[in-house]
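Beneath this line is the structure, given in C-alpha cells, with notes to follow.
The values are calculated or read from the model by the stated rules, or taken from the named source; none is laboratory data. Note that the structure is a prediction, hence the values are computed from the model and not measured. Neighbour counts are summed over all protein chains in view; Cβ atoms, including those assigned to glycine, are modelled from backbone coordinates with ideal geometry. Keep in mind that these areas ignore ligands, DNA and RNA; they rest on the heavy atoms of the full protein, side chains included. Shrake-Rupley method; radii C 1.70, N 1.55, O 1.52, S 1.80 Å.
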Amino acid sequence: MKKTYYSTTTFLILSINRHVYDGEHRVYVAEGFYPYGKKNPKSSNPLLIYMDLYQPWQDRDKHDKFVLQHRLAVRKGIMEKEKDNTVSPLNARDLRMVADLIRIDFFYPVVYQVKFDVSASGRSGVTVAGSGLAGSSEFLISDLNDSEFELIFNDCYANCFDKLREPRGFFNSKTQAVKELLRWSP
C-alpha cells in the first residue's frame, strides 16, 4: 500500500522557498492529511495546521496568535539561510521586513502532497523529526524540490500572488523576487 505524505504551510513560505531559496523546501510532513491514529499532535497534523491558518486568513485577522507565530518562524528560517549564504545580508534584511509586515493574504495555507514514500526513501535529506521522535508519523525533508510534490488546496488567486505563482526561475534574481514580496509589505 502506497503511503502519502502532506505538509501545510503558507503561500508566503512557498514563494520564498521557490524564488529565493532556489526551489529548496524544508518541510515537516506527516503520513496522511489527517493522520488519525498515528499519534501526531496538533503541531504535526497537516489538517489542523491548515485550519489554524485558514480561519485567520479568511477573517483577515492579522493579530491571530498562530499567524504571529508563523511570522517568527519565517524570520528564524531567514536567519538560517543568511548564515548558510543562501541569501545575502541585504536580501535577508528585506525578507525580515516581509516576515513582519506582509499582508495577511500571504498566509493563505497551501498543502504539499509529497510524491514518494518518505518513510522508505532512504534519502539523506529525510529524517524522523519533531513528534516523530516520540512515535508519530512526522518526518523532516530538508531538501524537497519542486518536482517532488504537488500543491493541493492552492486555489486562492489574489492579485498579489500573480508573479509569485510563477515557477522557479521566473525572476531574474533573488533580489527581484524579494522586491516583489516587499511590494506587499506596507
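Please find the FRET efficiency linking Leu48 to Thr127, where r is the Cβ-Cβ separation and R0 is fixed at 22 Å, and quote it to the nearest 0.05. Efficiency for this residue pair is about 0.50. Per residue, the chain exposes 52 Å² of solvent-accessible protein surface, assessed with a 1.4 angstrom probe and all protein chains in place.
Remark: the stretch 24-30, residue by residue, has Karplus-estimated 3J(HN,Hα) of 9, 10, 9, 9, 9, 10, 10 Hz, where x stands for each Gly or Pro and the curve is 6.51 cos²θ - 1.76 cosθ + 1.60 at θ = phi - 60°. Plugging the Kirkwood radius over Cα pairs into Stokes-Einstein for the stretch 4-102, at a temperature of 20 °C and a viscosity of 1.002 mPa s, what D comes out in µm²/s? Diffusion coefficient, whole number: 148 µm²/s. Note on the stretch 16-64: the alpha carbon radius of gyration divided by the globular reference 2.2 N^0.38 Å gives 1.41.
I need the calculated FRET efficiency for the pair Met79 and Ser185, taking r as the beta carbon distance and R₀ as 22 Å, to the nearest 0.05. The calculated FRET efficiency here is 0.80.
Taking every DSSP helix (H) stretch of at least 4 residues in the chain, weighting each as -39,500 (n - 2.57) and dividing the sum by the residue count yields a mean residue ellipticity at 222 nm of -11000 deg cm²/dmol. Taking the Cα centre of the stretch 5-89 as origin and assigning +1 to Lys and Arg Cβ atoms and -1 to Asp and Glu Cβ atoms, the resulting dipole is close to 200 debye. For the stretch 53-160, the normalised intensity computed at q = 0.10, 0.16, 0.17, 0.21 Å⁻¹ comes to -0.39, -1.01, -1.11, -1.30 (log10 of I(q)/I(0), Debye sum over alpha carbons, equal scatterers, no solvent). With a ≥ b ≥ c taken as the square roots of the eigenvalues of the C-alpha gyration tensor of the stretch 82-135, please select rounded if a/c is under 1.5 and otherwise prolate if a/b is larger than b/c or oblate if it is not? Since a/c reaches 1.5 and a/b is larger than b/c, the shape of the stretch 82-135 is classed as prolate.
The equivalent ellipsoid of the chain has semi-axes of 26, 19, 15 Å, largest first, where each one is the square root of 5 times an eigenvalue of the Cα gyration tensor. Figure legend: label point modelled 7 angstrom from the Cα of Cys160 along Cα→Cβ; residues of the stretch 1-40 with amide N under 15 Å from it are 10-16. Each label was represented as a point 7 Å from its Cα along the Cα-to-Cβ direction; for Thr175 and Lys39 these points are 5.0 nm apart. The apolar share of the surface of the chain, taken as the fraction of accessible area on carbon and sulfur atoms (1.4 Å probe, ligands and nucleic acids excluded), comes to 52 percent. Report the local net charge at His70: Lys and Arg +1, Asp and Glu -1, summed over other residues whose C-beta lies under 11 Å from its C-beta. In short, +2.
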